[in-house]
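Quick notes on the structure that follows.
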Amino acid sequence: MTLRVLPRRRVYRRRMTLTWWVKNPRYVNYILREASSAFLTVFAVLYIVQFALLAAGAGPYGRYLAFIKSPAWVALNVIILIFALIHTVSWMFLATAATPVRIGAHEAPSWALTISGLVIWLAISVGVGYVILRG
Amino acid sequence: MANDDIILRVERYDPERGPRPYAQSYRVPVRKGMMVLDALNYVRDELDSSLAFRWSCRMGICGSCGMMVNGMPKLTCQDPVDRYRVRAIRIAALDHFPVIRDLVSDISDFMEKLPNIQPWITRTEEKPLSAGEYLQTPEERALYANHAACINCMLCYAACPVYGLDERFLGPAAIALAHRYNLDSRDQGEALRAPYLSLSHSVWECTFVGECSEVCPKHVMPAESIQREKLRLALRWLLPRAAFRRRP
Amino acid sequence: MRFLERLEPLLWALFSAGGTIAALLLPVHVFLNNIAMPLGWFRPDDYDYTHAARLLGHPLVKAYLAVFLVPTLFHAAHRIKLLPHELVLPPSPGIATPIAYLIAAALAIAAVVVIVLAP
Ligand code: SF4
Ligand code: FES
């Protein structure tokens, strides 16, 4: 089916610019949230390296423990943590908007789901933290 | 009087004049309760009859008056001029659509895609006439009611960077409409819509930017309906066929 | 690409699962393991080789870490594949997509291997 009213060369096409996402705070928010994925990957790589050194034995793992005391390491991980938090908070909004939860005939309001999600996150964090420190 | 004037800075385009758009400004006296569309009508009636734009109902129903106002997609008949605290308001045709002339967009891309999602009630088995009409409870209607309010104004397409980057994307309003029919208790067409909806450029290209739901004047929630269609399609793919018996 | 198109529902399911898992688990891991530990905010012997080896030696911990890292990697790939397209504009997603998933798959295999091997 073709409904084109005019040949293409007779129309004007406005193109998106490189800075399209800077102009709207919600787009900035979007790009930050998408960029968080790069930092999740970096974190996974750091964990893989840590486990590899752990597998290599006490000597290499000791050198790893000494290396991570450097300020650059801590700075990198503070950035990772910031993006991890961006991911967690934005995900709680996205996931709860995308998943219909019905209570009786009505749909549960998504803000209630978002808050429940954040509460569950805090509870799980405390549990995981306990295992890492005391397990 | 002159103090209450606003300036409309309109991005104009005339294929006879050249391939590039050009800006033209008009001074419009503000009246109480004036909408951006009223200001444009003032321009056409009093200042420049060559200015082209679309409108019809002036009450947010026909969906033909969508434009970019200060960079945001708006239904201009519902957009009060005094919301803009600046003296000059920038007006342009909707983003992401080819411009035919001045503020008139060519939305035929959407019109061509639309029939593919079969936006009508589909029955695989018809009841005999004697069995009466297909009834629906208020609860069943409430399931899809807000997704059914779309007026095809295309603000959501203008707000969607995914569509702006790749015109092949099926886009917010079309998927919201597919979702609306999939949720309708009288409809049995979900399996028929699934093959087209599961193409890469249909639901999967969406990245849930969410701006379509923000700008939609009818609270259709296209962004949410796209994610829910993804969920339905993913379950359809992952679970055994038997889980998807047709609705009676 | 045809092949990836047929896998879209699966990749999206992995993306969603990984997004949820990462949202729930990642911050506490970054904070404790990569910030609090190097800065020595807790008992020093919480972080020595013996403690780490004892934790990683437990099969439940190994399973937990695999379920944590593998979907997280595929979640990230699903978003990363579009970033160059969104930030640098066309050329369209094209090659970035298979590259992103290949890297995620390679890292996922590496993760499972080191998790299994670690004492
Ligand atoms: S979904 Fe909303 S914004 Fe999009 S065309 Fe329909 S009414 Fe307009
Ligand atoms: S003129 Fe009909 S919606 Fe604005």
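Express in whole angstrom the spacing between the alpha-carbon centres of segment B:123-175 and segment B:93-114.
Their Cα centres are 21 Å away from one another.
Quick check: from the Cα gyration tensor, does chain A come out rounded (a/c under 1.5), prolate or oblate?
Details: a/c = 3.07, a/b = 1.56, b/c = 1.96.
It comes out oblate by the Cα gyration axes.
Quick one: if the Förster radius is 35 Å, what FRET efficiency do B:Ser50 and A:Asn29 give, using the C-beta to C-beta distance and rounding to 0.05? Write out the running numbers ahead of the final one.
On the way: r = 41 Å, r/R0 = 1.16.
The computed FRET efficiency comes out at 0.30.
What is the interface area between chains C and A, defined as buried accessible area summed over both chains with a 1.4 Å probe, reported in Å² to the nearest 100? Walk me through the numbers on the way to the answer.
Working: alone 8300 and 11170 Å², together 14680 Å².
Its buried surface, counting both partners, is about 4800 Å².
Of the listed peptides B:184-196, B:204-216, what is their order by residue-averaged count of other C-beta atoms within 10 Å, with the highest listed first?
B:204-216, B:184-196
Please give the calculated 222 nm ellipticity per residue for chain B, where each DSSP H segment of at least 4 residues contributes -39500 (n - 2.57) and the sum is spread over every residue; nearest 500 deg cm²/dmol?
Details: 9 runs with 71 residues, N = 248.
Only helices count here, giving -7500 deg cm²/dmol.
Tell me the angle of helix A:25-56 to the major Cα principal axis of chain A, expressed in degrees between 0 and 90 and rounded to the nearest ten.
So the helix axis and the longest Cα principal axis differ by about 30 degrees.
Other chains near B:88-99: what is the mean number of their Cβ atoms within 10 Å of each residue's Cβ? Write out the running numbers ahead of the final one.
On the way: counts 0, 0, 0, 0, 1, 2, 1, 4, 4, 3, 9, 4.
The shielding value for this peptide is 2.
Would you calculate a helix-derived [θ] at 222 nm for chain A, using -39,500 (n - 2.57) for each DSSP H run of n ≥ 4 and dividing by the full residue count, to the nearest 500? Present the calculation step by step, with values, prior to reporting the outcome.
Details: 4 runs with 95 residues, N = 135.
Helix contribution divided over all residues of chain A: -25000 deg cm²/dmol.
What is the diffusion coefficient of segment B:53-167 in µm²/s, taking the Kirkwood radius over Cα pairs and the Stokes-Einstein relation at 20 °C with a viscosity of 1.002 mPa s? Write out the running numbers ahead of the final one.
Details: Rh = 17.0 Å.
Rounded, D is 126 µm²/s.
Cα centroid distance between segment A:29-76 and segment B:1-58, in Å?
For segment A:29-76 versus segment B:1-58, the Cα centre distance is 57 Å.
Calculate the dipole size of the protein assembly as shown relative to its Cα centre from +1 charges on Lys and Arg beta carbons and -1 charges on Asp and Glu beta carbons; express the result in debye to the nearest 20.
Values: 54 positive and 39 negative charges, 85 e Å.
In debye, rounded to 20, the protein assembly as shown gives about 400.
Kirkwood hydrodynamic radius (Cα pairs, Å) of segment B:108-246?
Values: mean 1/r = 0.0639 Å⁻¹.
Hydrodynamic radius (Kirkwood, Cα only) of segment B:108-246 equals 15.6 Å.
Assuming R0 = 35 Å, what is the FRET efficiency of C:Tyr64 and B:Leu199, from their Cβ-Cβ distance, to the nearest 0.05?
The formula returns an efficiency of 0.40 here.
What nm distance separates the two modelled labels at A:Tyr130 and B:Arg85, each placed 7 Å from Cα along Cα→Cβ?
5.0 nm
Once you average over the residues of A:10-23, how many Cβ atoms of partner chains fall within 10 Å of each Cβ? Working shown, then result.
On the way: counts 7, 11, 14, 6, 14, 6, 8, 1, 3, 0, 7, 4, 0, 2.
For peptide A:10-23, the averaged partner shielding equals 6.
Pick out, from B:Leu51, B:Met72, B:Ile91, the residue whose Cα sits farthest towards the positive end of the charge dipole of segment B:5-105, with +1 on the Cβ of Lys and Arg and -1 on the Cβ of Asp and Glu.
Positive-most Cα among the choices belongs to B:Met72.
So what are the ³J(HN,Hα) numbers for segment A:116-123, from phi and the Karplus equation (6.51, -1.76, 1.60; θ = phi - 60°), rounded to whole Hz, Gly and Pro as x?
For segment A:116-123, the Karplus-derived couplings read 4, x, 5, 5, 4, 4, 4, 4 Hz, x marking Gly and Pro.
Whole percent per 10 Å bin, from 0 to the bin with the longest distance: what is P(r) over all C-alpha pairs of segment B:163-239?
Whole-percent P(r) values from 0 Å outward: 19, 54, 25, 2.
How shielded is B:165-178 by partner chains, expressed as the average number of their Cβ atoms within 10 Å of its Cβ atoms? Display every interim value, and only then the final one.
Values: counts 10, 4, 1, 1, 0, 0, 0, 0, 0, 0, 0, 0, 0, 0.
Rounded to a whole number, the mean comes out at 1.
Relative contact order for chain C using alpha-carbon pairs under 8 Å, separation at least 6, rounded to a whole percent? Could you put the intermediate results ahead of the total?
Values: 88 pairs, mean separation 41.7, N = 119.
Result for chain C is 35 percent.
Normalised by the number of residues in segment B:134-248, what is the relative contact order in percent for Cα pairs under 8 Å and 6+ residues apart? Kindly include the intermediate steps, with their values, before the conclusion.
Values: 145 pairs, mean separation 36.5, N = 115.
Relative contact order of segment B:134-248: 32 percent.
Can you work out the FRET efficiency for the pair C:Arg54 and C:Ala106, with r the C-beta to C-beta distance and R0 = 30 Å, to the nearest 0.05?
Details: r = 29 Å, r/R0 = 0.98.
The pair C:Arg54/C:Ala106 has a calculated efficiency of 0.55.
Could you work out the per residue convex hull volume over the alpha carbons of the protein assembly as shown, in cubic angstrom? Please report the intermediate quantities before stating the final value.
Working: hull volume 97.8 nm³, N = 502.
It is 195 Å³ per residue.
P(r) for chain C, please, calculated from all Cα pair distances in 5 Å bins and given in %.
That works out to 2, 10, 15, 19, 18, 13, 9, 6, 5, 2, 0, in percent per bin.
Can you give the three extents of the C-alpha atoms in segment B:5-105 along their principal axes, from longest to shortest, in whole Å?
Extents along the principal axes: 37, 28, 24 Å.
What is the spread of the Cα atoms of chain B along each of their three principal axes, largest first, in whole Å?
Dimensions of chain B along the principal axes of its Cα atoms: 70, 37, 31 Å.
Please give the helix A:71-98 orientation as an angle from the longest Cα principal axis of chain A, in degrees from 0 to 90, rounded to the nearest 10.
Roughly 50 degrees between the two axes.
How high is the relative contact order of chain B, in percent, with contacts defined as C-alpha pairs under 8 Å that are six or more residues apart?
On the way: 411 pairs, mean separation 41.5, N = 248.
Dividing the mean separation by the residue count of chain B yields 17 percent.
With helices defined as uninterrupted DSSP H runs, which ones in chain C have an alpha carbon span along their own long axis of at least 15 Å and mean Kyte-Doolittle hydropathy of at least 0.5? All intermediate terms of the calculation are to be shown ahead of the outcome.
Values: long enough: C:2-29 (39 Å, 0.94); C:59-80 (31 Å, 1.14); C:96-117 (31 Å, 2.59).
Sorted by number, the helices that extend far enough and score high enough are C:2-29, C:59-80, C:96-117.
The values are calculated or read from the model by the stated rules, or taken from the named source; none is laboratory data. Quick caveat, the model's predicted, so the values are computed rather than measured. Note that each Cβ is placed from the backbone with ideal geometry, even for glycine, and that neighbours are counted across all protein chains shown. Ligands, DNA and RNA are excluded from the accessible area calculation, which covers all protein heavy atoms including side chains. Shrake-Rupley method; radii C 1.70, N 1.55, O 1.52, S 1.80 Å.
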